[in-house]
Amino acid sequence: MRLTDLEIFPVAPPPPGWGGRYWLILRLTTADGITGLGEVYASAVGPKAMAAVIADVFARHVAGNAPENIETMFRRAYSSGFTQRPDPTVMGAFSGMEMACWDILGKMRDRPVWALMGGRMNDRLRAYTYLYPEPHHDPDRFWIDAHMAAEAASARVAEGWTAVKFDPAGPYTMRGGHMPAMSDITRSAAFCAAIRAAVGDRADLLFGTHGQFTPAGAIRLAQAIAPHDPLWFEEPVPPDDFPALAAVARATTIPVATGERLTTKAEFAAALAHGARILQPALGRAGGLWEGKKIATLAEAAGAQLAPHLYAGPVEWAANVHLGVTCPNLLMVEAIESPFHDALVTGRPRVENGFVAAPDAPGLGIALNEDLARAHPVTTDRLHLEMRDAPCDWQNGNAFAGGAAD
């Protein structure tokens, strides 16, 4: 049972692009014809270049291996080119193939992936959603209007969701950490107040940022939103500055969450050591399912919790769910419930009344709709996510379009 073939499906979801400008979905096939799906998250190079990286990593470290040799393949990719350190591009490419290996192994054994990774700990998983505009909302103004956000939160809670995420604190830029504008702090507090008033104690507030602040700026922001008791303060400082993370964690009672831009247990161990209490691995970048399980175990030993991140397509979502089923320290999983996510794969785990049930089909339990994938090719050379060049605007106010790619 050897891995012989790789196919890559670059898929662009239709506007507004919930989940990013495009998704890099791949399929591995064994010599016996068994296939597995995986997904690569948010690479730092364009889609054509990343497809070449995926093909290179496959040829060097995956092709010809048995799909169960995940540890060996991981160590080869991790050490590739005399690096032996976290590399988000190489590990992103490997992460998608690693997911596909688990999908194959589950099909071979006629068992869901979670059954091969420690078994069922959770019959159902708590899910959370980003706040997106309602049909009657102005799609541009929504991201800076606390009352619209509160309306969206009320609608989601009425559907059964028990946690909602929002990020009104302004732009993330190539300049690294900046001091937030006073208007950003005021807006952030207003969002928290309006949403808390709308949902009461029926839902947790998840305050999202994107690593854009200095430690002092993040602490000022935390003080402003703390009266509304958010469950977490997500990625308050740049992901490469662990001492800054520690400074924020020491200064606020809000649990600090991070992990979307980290890769492998090495970086997550550093985040834990510097005060992160909620880890958010994106499995299409962090190393895949097995590395995700190791990250969860590190968190468990440190008294921290896991909340797998999702700003991607339905394959990474399925992997997140299977990992979450196995983890005693799972807090919740991020979900994107869009019609395109639902149509692109069959068998996708669905959120019902705010929770998702443990899947029971073999492997990841999903199959790609190839016709739909090929009907939505990637035509842009832009990146899945981009940081802007312009700095924070302290005079005219800032607007960040949240979960919309464009």
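The values are calculated or read from the model by the stated rules, or taken from the named source; none is laboratory data. Note that this is a predicted model, so its numbers are computed, not measured. For neighbour counting, all protein chains shown are included, and Cβ atoms are generated from backbone atoms with ideal geometry for every residue, glycine included. Accessible surface is based on the protein model in full, side chains and every heavy atom, while ligands, DNA and RNA are left aside. Shrake-Rupley method; radii C 1.70, N 1.55, O 1.52, S 1.80 Å.
Once you place label points 7 Å from the Cα toward the Cβ at A343 and A216, how far apart are they in nm?
5.1 nm
Assuming R0 = 25 Å, can you tell me the calculated FRET efficiency for the pair E352 and T297, based on Cβ-Cβ distance, to the nearest 0.05?
0.30
For helix 146-158, report the angle its Cα long axis makes with the longest principal axis of the Cα atoms of the chain; keep it between 0 and 90° and round to the nearest 10°.
On a 0 to 90 degree scale, this one is about 50.
Could you provide, to the nearest whole Å², the per residue accessible area of the range 40-82 with probe 1.4 Å?
Averaged over the residues of the range 40-82, the accessible area is 45 Å².
Give me the net charge for the shell around P238: Cβ to Cβ below 14 angstrom, other residues only, Lys and Arg +1, Asp and Glu -1. If you can, show how the numbers build up before the last one.
Details: positive: R175, R261; negative: E234, E235, D240, D241, E260, E267.
With Lys, Arg at +1 and Asp, Glu at -1, the neighbours total -4.
For the range 1-129, take the convex hull of the Cα atoms, compute a quarter of its surface area, and give me that in nm², please. Numbers along the way, then the final one.
Working: hull surface 37.2 nm².
For the Cα atoms of the range 1-129, the hull's average projected area reads 9.3 nm².
Within the accessible area of the chain, what % is carbon and sulfur when the probe is 1.4 Å and the other protein chains stay in place?
Percent of accessible area from carbon and sulfur atoms in the chain: 53.
Between E134 and R109, 0.36 nm times their residue separation minus their Cα-Cα distance comes to what?
Roughly 4.7 nm would be gained on extension.
With r as the distance between the Cβ atoms of R75 and Q223 and R0 = 41 Å, compute the FRET efficiency 1/(1 + (r/R0)^6) and round to 0.05.
0.40
Please give, to one decimal in nm, the separation of the simple spin-label points placed at R85 and A66, each 7 Å out from Cα toward the Cβ.
Between R85 and A66, the simple spin-label model gives 3.5 nm.
What does the net charge come to around C327 if you take all other residues with beta carbon closer than 9 Å to its beta carbon, with K and R at +1 and D and E at -1?
Details: positive: K293; negative: E300.
Result for the local shell: 0.
Ranked from the most accessible area to the least, with a 1.4 Å probe and all protein chains present, what is the order of E386, E98?
Result, largest first: E386, E98.
For R141, what charge total do you get from the other residues with a beta carbon under 13 Å from its beta carbon, if Lys and Arg give +1 and Asp and Glu give -1?
-4
Sorted by accessible area with a 1.4 angstrom probe, largest first, how do F268, F82 fall?
So, going from the largest accessible area down, we get F82, F268.
What residue among F340, F213, F233 has the largest mean-square fluctuation in a Gaussian network model of the chain, using Cα springs under 10 Å?
F340
Specify the residue with the greatest mean-square fluctuation among R277, R141, R261, computed from a Gaussian network of the chain linking alpha-carbon atoms under 10 Å apart.
R141
At q = 0.09, 0.16, 0.19, 0.20 Å⁻¹, what is the log10 ratio I(q)/I(0) for the range 209-354, with the Debye formula run over Cα points and no solvent?
-0.28, -0.83, -1.08, -1.16
Extending each Cα 7 Å along its Cβ direction at T253 and R388, get the distance between those two points in nm, one decimal.
Each label point lies 7 Å from its Cα, and together they span 3.4 nm.
Work out Dmax and Rg for the range 320-406 from the C-alpha atoms and quote the Rg first, both in angstrom.
18.0, 55
With springs connecting C-alpha atoms under 10 Å apart, model the chain as a Gaussian network and identify which of A390, A307, A318 has the largest mean-square fluctuation.
With Cα springs under 10 Å in the chain, the top fluctuation among A390, A307, A318 is at A390.
Given H placed on each backbone N at 1.01 Å, which residues far from R111 in sequence or on other chains put an amide H within less than 5 Å of it?
Result for R111 returns G363.
How much of T346 can a 1.4 Å solvent probe reach, expressed as accessible area in Å² and rounded to 10?
90 Å²
Per residue, what accessible area does the range 145-299 have, given a 1.4 Å probe and all protein chains present, in Å²?
31 Å²
What Rg and what Dmax come out for the chain when only alpha-carbon atoms are used, in angstroms?
20.1, 63
Roughly how tilted is helix 88-109, in degrees to the nearest 10 and between 0 and 90, from the longest Cα axis of the chain?
Its long axis makes an angle of about 60 degrees.
List the lysines whose Cα sits under 21 Å from the Cα of K294, skipping any in the same chain fewer than 8 residues away.
K265
In terms of the Cα gyration tensor, with a ≥ b ≥ c the square roots of its eigenvalues, is the range 115-196 rounded because a/c is under 1.5, prolate because a/b exceeds b/c, or oblate?
In terms of gyration-tensor shape, oblate.
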